[in-house]
Each structure stands twice: as structure tokens, then as C-alpha cells.
Amino acid sequence: MSAGESDARKSPTIFLIAAEESGDRLGAGLIKALRARLGAAFKIVGVGGRHMAEQGVPSLFPTDELSIIGLAAIPKRLPMILRRIRETTDAVLMARPDVLVIIDSPDFTHRVARRVRARDPSIPIVDYVSPTVWVWRPGRARKMRAYIDRLLAVLPFEPEVHRKLSGPPCTYVGHPLLDELGTLRPDKQELARRSAAPPLLLVLPGSRRSEIKRNMAIFGDTLRLLRAQGVAFEPVLPTVPGLLDSVRAAAADWPVQPRIVVSDEDKKAAFRTARAALAKSGTVTLELALAGVPMVTAYRVTEIEAFIARRVIQTSSIILANLILGENVIPEFLQQDFTAENLAPALRDILEDTPARQRQVEAFDRLEEIMSTGGKRPSELAAHNVIAMLR
């Protein structure tokens, strides 16, 4: 072996796979934390999006094509997905990394991990973000032991869930939103705006085109009912640049035109000053809870997806904050209950000073303590665990 080859082998290689936007952000944070710990003494390659690319890790292929929501969209994209799974597996095996880190998106990343484990069992595999075994398909936890060596959880109850389900060794490293508390919590002036008239109402219909199509009309009807009842409010609708035209078109006939914001800075400012929110169920509900914004949530999927969900979902709520708190303080209206007639009175309840609003505010005050990581950043804890798994 030459001196150059010897030096190259001293530098560990880490392979990251993040198939969607949320995982891409986690991957970028992990890269920063790894560099802070290891300096330049390692190599990172993998699959990711723009955030990982900004950290110097370009993707093997564009991950936008993997952003699929809903069972109906899968069949026509299946050949492409299977091809990308094979290509990613081959790339991992060719790189022979000292650790493989798969991030979220289990329908894609776990298929790669199983193939890698079958073809090269010597590669340690870390899974960053647990599949929702606490919601459905709990049997996945036990099966993961065959190909996952360490699971990094972002929700505090997940290690105990995996212990009970005989899942892989699981460590709570903290939710990435904990890093953003400083930008979510209002200062004295912003806190005063929360109580001022007219109250600022956040409207969050979703971050995908299909969700905009599915939710905007009912959200608009909800605002129409509130206005007809004499409720004053100032709607603010955060979205992403790629959906701006779709959101504008869908809101064109709303009785109260929302102020649409697209920058992350403007979104966070709205979170710090909003009195209440109407939101599609998802991670944004935890973001709102940590910001201390009472909310009403709603969600609707296709009838086929709903039929399946009713038979497999194991929890009494799909709202992360409810699950972390252990009580259903945030109202959720699903499927046939997702109507303006249901949403409007629930929303009016939290815009005004009512027991329902106070119950949410008091519950949200407990969230940070429950989710605490002892003052350490989630990305730093994740990096620590990844480094510990280097072969």
C-alpha cells in the first residue's frame, strides 16, 4: 500500500441519504456538527437536496423526484423509485463508508439500508429519525434490528417505544426545532402584538401542491364563516416560493385576502406575533406549539388512504405535540370532520380568551422541558452518535 493510499484510508467516509426536504435539512445540520468535531479529517458523500449541497455534499441525483405524497401517486413513479434505490445501494457499496446514515423517508432509505446490509454486513448503519412505529405498523421496530445498528430519535418518547417493541438500540437526540426556539419565541413587543386587535391569524394549508389543492377552499370557507360572524382577524399565509402562484390563485376569492409571505424570516416573525393558527396536520403543528401559538388542525387524504389508516393507526392523535404531551389539547378535524362548519367555531374559541385557548397555552409551556436535551444541540448529539458508530 502506498503512502497516499494509507493516508486516504485514515480518513473516515460517511455516506448520508436524505430523500426529502426535512431530511435534507437534518443532513445539513449533521454535516456542520460533524465538521465541528472532526475538522477536515473525514469525507462525506451521499444523496440529498440543496441544503446538503450548500454544505459541500452534492447529491448523486435530484431528490425532488422522490417527493411523493399519497398512495395514488406511487404506481406511475415506481420504476423510477426502484431504479434510484438500486443506484443508491450500488453507490454506498462502491464508497465502502465507515458508517451509512439514513435520514427519515423510510420507504426509500430503509430499502437501501436492507440491501446494503445484505451485500456488505460490515458497514454500520445509523437511522436518523424513527419511522412512526408508534402510529402504525409497530412490527417494523423488531424488523429494523436486522439492518439498523443505532436509531437516533427526535421525539422524547421514541426510545421507550422501541424498547417495548424490541426495536434497535434507540437514543433521543432532540428535535431540530429546538435549535430554532430563539427565532420562534416572541420578545416583549411581539408578545403585545399577540393580544392586539385585530388578532393575527396564521393560515397553514400545507407545503405541497396537492395539499394546497385539497385544503385551500375549506380554509377559505372557514375564514368566510368567521367574518360573517363578526370575528375580526388579520390572516397571514406563509408558503414557499415554488407554491406562491398556486396559493395566490387559490386564495383569490377568499373574503379576506391573506398577507402571503415566502421568506423564512417573515414566517418566523408571523409565528412570533400570531394569536392563533389554522393548520394542516404535520410538523408545523409542533413548530406552532413551541412558539406558543394555539391552533386548530385539519387533515384529509383520499378515501383509499383513509380506509387503510383507520385499520392500522395505533394512536388517539396524529398531532406531534399531543403525543409528546400525552393529552389531546389541540383539536384535530380529519376526513369528513374537515369542514368549515367545524373549523370556524373551534378557531373562534382560540382567538378569544377561553378555557380552550388557556388549556393549549399552559400545555405548550411544558413542551420545552419534556423535549429537553440538557442544553446540547440536537445536531451535536446526532454527530456524537454517528462518530461513535464509525468502524
Here the residues within segment 118-142 that are farther than 24 Å from Tyr172 by Cβ and open to solvent by 10 Å² or more (accessible area, probe 1.4 Å) are Ala118, Arg119, Asp120, Pro121, Ser122
Across segment 39-52, what is the total count of residues that are open to solvent by less than 50 Å² (accessible area, probe 1.4 Å) and under 23 Å from Ile125 (Cβ atoms)? 9
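With respect to Thr273, determine if the residue is surrounded by 21 or more Cβ atoms within 10 Å (Cβ to Cβ), under 29 Å from Ala363 (Cβ atoms), in contact with a Leu (Cβ under 9 Å, 6 or more places away or on another chain) and without any contact (Cβ under 8 Å) to a residue 60 or more places away in the chain.
Values: surrounded by 21 or more Cβ atoms within 10 Å (Cβ to Cβ): yes; under 29 Å from Ala363 (Cβ atoms): yes; in contact with a Leu (Cβ under 9 Å, 6 or more places away or on another chain): yes; without any contact (Cβ under 8 Å) to a residue 60 or more places away in the chain: no.
Answer is no for this residue.
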Please state which of the following conditions Ala197 fails to meet, knowing it meets all the rest: (1) over 25 Å from Val247 (Cα atoms); (2) part of a helix (DSSP H, G or I). (2)
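Can you name every one of the helices (runs of 4 or more DSSP H) wholly within segment 205-290 that holds 3 or more residues which are within 20 Å of Ala321 (Cα to Cα)? Quick ask: steps written out before the conclusion?
Values: elements: 209-228, 244-250, 264-273.
In segment 205-290, the matching helices (runs of 4 or more DSSP H) lie at 264-273.
The rows are residues; the columns are (1) modelled with pLDDT of 95 or more; (2) assigned by the TED database to the domain that holds Leu66; (3) under 22 Å from Ala321 (Cβ atoms).
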{"site": "Met94", "(1), (2), (3)": "yes, yes, no"}
{"site": "Pro97", "(1), (2), (3)": "yes, yes, no"}
{"site": "Ser105", "(1), (2), (3)": "no, yes, no"}
{"site": "Arg114", "(1), (2), (3)": "yes, yes, no"}
{"site": "Pro124", "(1), (2), (3)": "yes, yes, no"}
{"site": "Val129", "(1), (2), (3)": "yes, yes, yes"}
{"site": "Gly139", "(1), (2), (3)": "no, yes, no"}
{"site": "Ala153", "(1), (2), (3)": "yes, yes, yes"}
{"site": "Gly167", "(1), (2), (3)": "yes, yes, no"}
In the list Arg114, Arg137, which residue meets the criterion of being among the charged types (D, E, K, R) and in a loop (DSSP other than H, G, I, E, B)? Arg137
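Quick one: would you say Glu352 is free of Cβ contacts under 8 Å to residues at least 12 places away in the same chain, assigned by the TED database to the domain that holds Pro205 and closer than 15 Å to Leu288 by Cα? Don't jump to the end; show me each part of the working.
Numbers: free of Cβ contacts under 8 Å to residues at least 12 places away in the same chain: yes; assigned by the TED database to the domain that holds Pro205: yes; closer than 15 Å to Leu288 by Cα: no.
Taking the combined requirement at face value, the residue does not satisfy it.
Name the single residue that is surrounded by the most Cβ atoms within 10 Å (Cβ to Cβ) among those in segment 171-230 being of a type in the set (D, E, K, R) and touching a Gly at 6+ places or on another chain (Cβ under 8 Å). Let's see the steps before the verdict.
Here is the first cut: in segment 171-230, the residues of a type in the set (D, E, K, R) are 179-180, 185, 187-188, 190, 193-194, 208-209, 211, 213-214, 221, 224, 227.
Next cut, touching a Gly at 6+ places or on another chain (Cβ under 8 Å) only: 179, 185, 214.
Values: Asp179: 15, Arg185: 15, Arg214: 19.
Among them, the one singled out is Arg214.
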Name the residues in segment 34-65 that are under 24 Å from Arg77 (Cα atoms) and either part of a loop (DSSP other than H, G, I, E, B) or not basic (Lys, Arg) (or both), would you? Gly46, Val47, Gly48, Gly49, Pro58, Ser59, Leu60, Phe61, Pro62, Thr63, Asp64, Glu65
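Between Leu151, Leu200, Leu178, which is at negative phi and in contact with a Cys (Cβ under 6 Å, 6 or more places away or on another chain)? Step through it out loud before you land on a result.
Values: Leu200 fails: in contact with a Cys (Cβ under 6 Å, 6 or more places away or on another chain); Leu178 fails: in contact with a Cys (Cβ under 6 Å, 6 or more places away or on another chain).
Unique residue meeting the criteria: Leu151.
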Among the residues of segment 53-73, how many are surrounded by fewer than 16 Cβ atoms within 10 Å (Cβ to Cβ) and at pLDDT 90 or above? 4
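Does Ala321 fit the bill of being in the same structural domain as Gly282 (by the TED database), closer than 27 Å to Ile370 by Cα and at pLDDT 95 or above? Walk me through how you get there before you give the answer.
Details: in the same structural domain as Gly282 (by the TED database): yes; closer than 27 Å to Ile370 by Cα: yes; at pLDDT 95 or above: no.
So Ala321 does not fit the description; no.
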Selection status of Asn328, at negative phi, at pLDDT below 95 and crowded, with 21+ Cβ neighbours inside 10 Å: no
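Would you mind finding the one in Leu367, Leu288 that is in contact with a Leu (Cβ under 9 Å, 6 or more places away or on another chain), open to solvent by less than 30 Å² (accessible area, probe 1.4 Å) and at pLDDT below 95?
Numbers: Leu288 fails: at pLDDT below 95.
Step by step, each of Leu367, Leu288 is checked, and only Leu367 is in contact with a Leu (Cβ under 9 Å, 6 or more places away or on another chain), open to solvent by less than 30 Å² (accessible area, probe 1.4 Å) and at pLDDT below 95.
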Exactly one condition in (1) more than 21 Å from the chain's Cα centre (by Cα); (2) modelled with pLDDT of 95 or more is false for Ser195; which is it? (2)
Given the structure, is Glu190 acidic (Asp, Glu), in the same structural domain as Ala346 (by the TED database) and not in a strand (DSSP E or B)? yes
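The values are calculated or read from the model by the stated rules, or taken from the named source; none is laboratory data. These numbers were taken from a predicted model, which means no experiment stands behind them. Cβ: placed from backbone, ideal geometry, glycine included. Neighbour counts: every protein chain shown. Each accessible area value is taken on the protein alone, full model and side chains, heavy atoms only, with ligands, DNA and RNA left out. Shrake-Rupley method; radii C 1.70, N 1.55, O 1.52, S 1.80 Å.
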